[in-house]
1. Cut-off under 30 Å on the C-alpha distance; same-chain residues fewer than 8 positions from LYS18 excluded. Which lysines are left, in chain and number order?
2. Quick one: which residues, 5 or more positions from MET37 or on another chain, have an amide H under 5 Å from its amide H? H modelled 1.01 Å from N in the peptide plane, none for Pro or chain starts.
3. Report the charge-dipole magnitude of the chain in Debye, nearest 20, computed about the Cα centre from +1 at each Lys and Arg Cβ and -1 at each Asp and Glu Cβ.
4. In whole Hz, with x marking every Gly and Pro, tabulate ³J(HN,Hα) for segment 11-22 from phi via Karplus 6.51 cos²θ - 1.76 cosθ + 1.60, θ = phi - 60°.
5. Counting every Cα pair in the chain, what percent are over 14 Å apart?
6. Along the Cα→Cβ direction, 7 angstrom out, place labels at THR80 and GLN66. What is the inter-label distance in nm?
7. What is the distance in Å between the Cα centroid of segment 38-90 and that of segment 1-37?
8. Top mean-square fluctuation among ALA50, ALA71, ALA59, Gaussian network model of the chain, C-alpha springs under 10 Å?
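Each reported figure results from applying straightforward, stated rules to the coordinates on display, with no laboratory input. Here the structure is a predicted model, which is why all the values come from computation and not from measurement. Neighbour counts run over all protein chains shown; Cβ positions are idealised from the backbone, glycine included.
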Amino acid sequence: MLLTEPEVAERLRCSTSKVKRLRLEGKLPYIPGRPLMIVEADLEAYIEAARRTAEAKDAPKSEADQVAEAAALARRIWLTRRLQGRGRTP
């Protein structure tokens with residue numbers, strides 16, 4: 001089934017400008033024309049990918065990820081203090 005931009009916006013509960021942005025960023029394939037059309041299967045694939053991404057962000061971080069984040073924070077703090085000591089600001 002083919003959907004128009006307003007129909008896709010209604011299903012995503014967003015504006016048509018957001019749908020346009022998704023198209024231009026390459027996140028949502030479309031068929032050019034007047035009106036341009038979006039295949040329903042492509043919309044479902046986009047929704048599923050967005051859902052997986054959201055779930056991955058909510059997943060607990062591994063110990064290695066936590067250590068890497070702590071190390072990165074320590075480097076930023078060290079660099080900030082070092083630059084401030086030289087009269088520079090980051």
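1. Candidates past the 8-residue exclusion: LYS27, LYS57.
2. Those qualifying (amide H under 5 Å, at least 5 residues apart or on another chain) are ILE31.
3. Dipole magnitude for the chain comes out near 940 debye.
4. 5, 7, 6, 9, 7, 5, 5, 5, 4, 4, 4, 4
5. Distances greater than 14 Å cover 74 percent of the Cα pairs.
6. So the two model labels end up 2.2 nm from each other.
7. If we compute the Cα centre of each part, the gap is 28 Å.
8. Maximum fluctuation in the GNM of the chain, among the listed residues, is at ALA71.
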